[in-house]
Amino acid sequence: MEGTIFSKSCCGRRGMDLPAPEVPVLDPSAVLGPGRLRSAPVGLPQVSEPQAVRHFVNLGVKNYHVDKGIYPLGSCTMKYNPKLNEDLARHPAFAGLHPLAPARAAQGALELMHELGTYLCEITGFRGVTLQPAAGAQGEFTGLLLIRKWHDARGDAGRVEVLMPDSAHGTNPASSTLAGMRVVSVKSDSRGEVDLDDLKAKAGPLTAALMLTNPNTLGIFESRIGEITRIVHEAGGLCYMDGANLNALLGIARPGDMGFDVCHVNLHKTFSTPHGGGGPGAGPVACAEPLARFLPNPVVVRAGDGSYAFEPGGRESFGRLLAFHGNFGVLVRAWAYIRTLGAAGLRETAENALINANYLRARLKGAFELPYDHGPCMHEFVLSGEAQAKKGVRTLDIAKRLLDYGFHAPTIYFPLIVHEAIMIEPTETEGLQSLDAFADAMLAIAREVEEKPHLVTDAPVNTPVLRLDEVRAVKELDIAEPWERT
Ligand SMILES: *Cc1c(COP(=O)(O)O)cnc(C)c1O
């Protein structure tokens, strides 16, 4: 066990020496006033430089990350993130820019934001955009506020329902509730698509919006998307697309052309910012012209002389979404990614995402159940571990056994409409060898379930910690060494 860095602390040990100050040292209690000084030290760990380096390197090698291998976590788009983006995001001219710098001193940054907004409009087929939302879920919240503003502006304030399929990502109902709306679940049909009869029955005078992920969380493209958005519009509602995972559509199809009115995009998924572990992210929202006047303040505009400025935005805007201008470093990475690939490269990205997912699906189909298989999948697919569960090996066990084989597990038990779900998204950045290695491991585990199931139910045996009681780990979090406990 590595232990915490506090367990290595030794009083008086230090990793660096600061030079003596060249300016007069003030008496802190004279500056701060009496009674404001700490009476005890902060209690930071006191370690040498090699101790600190070894501590974090040792922890780092226990971690699994996309720089180490395939990370097929469905719905999360854990693709490899080019290092060039990191160089640009860390460039002192960007990273050192103060968020309150006057526009004339930040022309390059504003130009980048303006261009990125233009690209995202082109990619999604919309006219208005905000880069402010700091995550996909905040993008959803933003989009719903736009929709509510639109209804309110037309004097149609009674619309409080958001329709969403039963396969929806968990953030969709959460954002709807936060925006003060009520969730109405729409059934999926036997093909894994929206059940049109159920949609027709539920769309009506209370419908504020439909919220849809397309391709949906089963990895299936809604083949009747034009009809779906028409039904909602005829009922007086607007259509929101959850475009968190746009890598199935890039350069091929646009939400704006499918009848959607607004969508968010996860830059930290589709546009290659490293994510997982809680951010930072960015969930820009793009919308059709009639909604643009409600977008959050401020917006970046380009003047006739080619200079850029922040415009406060119209009086109809719902205001500011968060301090400053979003997670700017994430915007830089997305800009760099789009510029590196160009239009043709973005389309190739989507094509490779689809080919990779379909290849893996075909390799695993015989060994695991595939509940929705009437056509090809998009960027991801969902297997069911039901046949294995009948033999006493659950999907959780299969996921744990994959760790022993040196892979990150797929998303499991989501979407909720598939029993023992195993949701796999290889992403476009994996080559044939790594897809095959992952498929071989999954097939080996399927054989183990038949022949030596205890190998799977006892897994993992090769990881730094074995199977945890996850609920207890959250409720009674204790990361101290045994000898540190009192
Ligand atoms: C990841 C994801 C979200 C949420 O994005 P966050 O940035 O984690 O808030 C929403 N919808 C779908 C379909 C997603 O995959």
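The values are calculated or read from the model by the stated rules, or taken from the named source; none is laboratory data. For clarity, every value in this text was computed on a predicted model and none was experimentally measured. We place every Cβ from the backbone using ideal geometry, glycine too, and count neighbours over all the protein chains shown.
Observations, loosely collected:
- Within the set Gly117, Gly128, the sole residue that is under 18 Å from Thr273 (Cβ atoms) and either more than 14 Å from the ligand (Cβ to nearest atom) or buried (at least 24 other Cβ atoms within 10 Å of the Cβ) (or both) turns out to be Gly117.
- Residues being away from the ligand (no atom under 16 Å from the Cβ), among the hydrophobic types (A, V, I, L, M, F, W, C) and crowded, with 18+ Cβ neighbours inside 10 Å - total across region 207-252: 6
- Any hit, region 132-142, residues being more than 27 Å from Phe271 (Cα to Cα), modelled with pLDDT of 95 or more and within 16 Å of the ligand (Cβ to nearest atom): no
- Residue count, region 253-263 (criterion: crowded, with 24+ Cβ neighbours inside 10 Å and either closer than 20 Å to Arg159 by Cβ or over 21 Å from the mean Cα position of the chain (by Cα) (or both)): 4
- Of note, Ala362 satisfies the criterion of being over 26 Å from the mean Cα position of the chain (by Cα) and either farther than 24 Å from His268 by Cα or crowded, with 19+ Cβ neighbours inside 10 Å (or both).
- Of the criteria (1) within 16 Å of the ligand (Cβ to nearest atom); (2) over 19 Å from His325 (Cα atoms); (3) touching a Ser or Thr at 6+ places or on another chain (Cβ under 9 Å); (4) assigned to a helix (DSSP H, G or I), which one Lys149 fails: (1)
- Residue under evaluation Gly329, criteria (1) within 16 Å of the ligand (Cβ to nearest atom); (2) part of a loop (DSSP other than H, G, I, E, B); (3) more than 24 Å from Gly125 (Cβ to Cβ), criterion not met: (2)
- Count of residues meeting criterion [within 16 Å of the ligand (Cβ to nearest atom), assigned to a strand (DSSP E or B) and surrounded by fewer than 22 Cβ atoms within 10 Å (Cβ to Cβ)] in region 152-184: 1
- Every residue from region 251-274 that is among the basic types (Lys, Arg) and closer than 16 Å to Ala135 by Cβ: Lys269
- Within region 381-393, none of the residues are within 25 Å of the chain's Cα centre (by Cα), closer than 22 Å to Ile70 by Cα and at pLDDT below 95.
- Options Phe318, Phe271: the member that is within 21 Å of the chain's Cα centre (by Cα) and of a type in the set (Phe, Trp, Tyr): Phe271
- Being more than 15 Å from the ligand (Cβ to nearest atom), at pLDDT 90 or above and not in a helix (DSSP H, G or I) is true of Glu316.
- Pick from region 64-114, criterion under 23 Å from Gln132 (Cβ atoms) and of a type in the set (Asp, Glu), ranking: farthest from the ligand (Cβ to nearest atom): Glu111
- Across region 276-313, the qualifying residues are those that are on the phi > 0 side of the Ramachandran plot and free of Cβ contacts under 8 Å to residues at least 24 places away in the same chain, and the one among them that is nearest to the ligand (Cβ to nearest atom) is Gly278.
- Filter pass, Ala201 being more than 16 Å from the ligand (Cβ to nearest atom), outside the structural domain of Met378 (by TED's automatic domain parsing) and either without any contact (Cβ under 8 Å) to a residue 40 or more places away in the chain or part of a loop (DSSP other than H, G, I, E, B) (or both): yes
- For Glu122, the conditions (1) modelled with pLDDT under 95; (2) under 22 Å from the mean Cα position of the chain (by Cα); (3) surrounded by fewer than 19 Cβ atoms within 10 Å (Cβ to Cβ) are fulfilled apart from (1).
- Sole exception among (1) of a type in the set (Ser, Thr, Tyr); (2) surrounded by fewer than 24 Cβ atoms within 10 Å (Cβ to Cβ); (3) within 11 Å of the ligand (Cβ to nearest atom) for Thr273, by number: (2)
- Residue that is surrounded by the fewest Cβ atoms within 10 Å (Cβ to Cβ), among those in region 396-422 that are touching a residue at least 40 places away in the same chain (Cβ under 8 Å) and aromatic (Phe, Trp, Tyr): Tyr405
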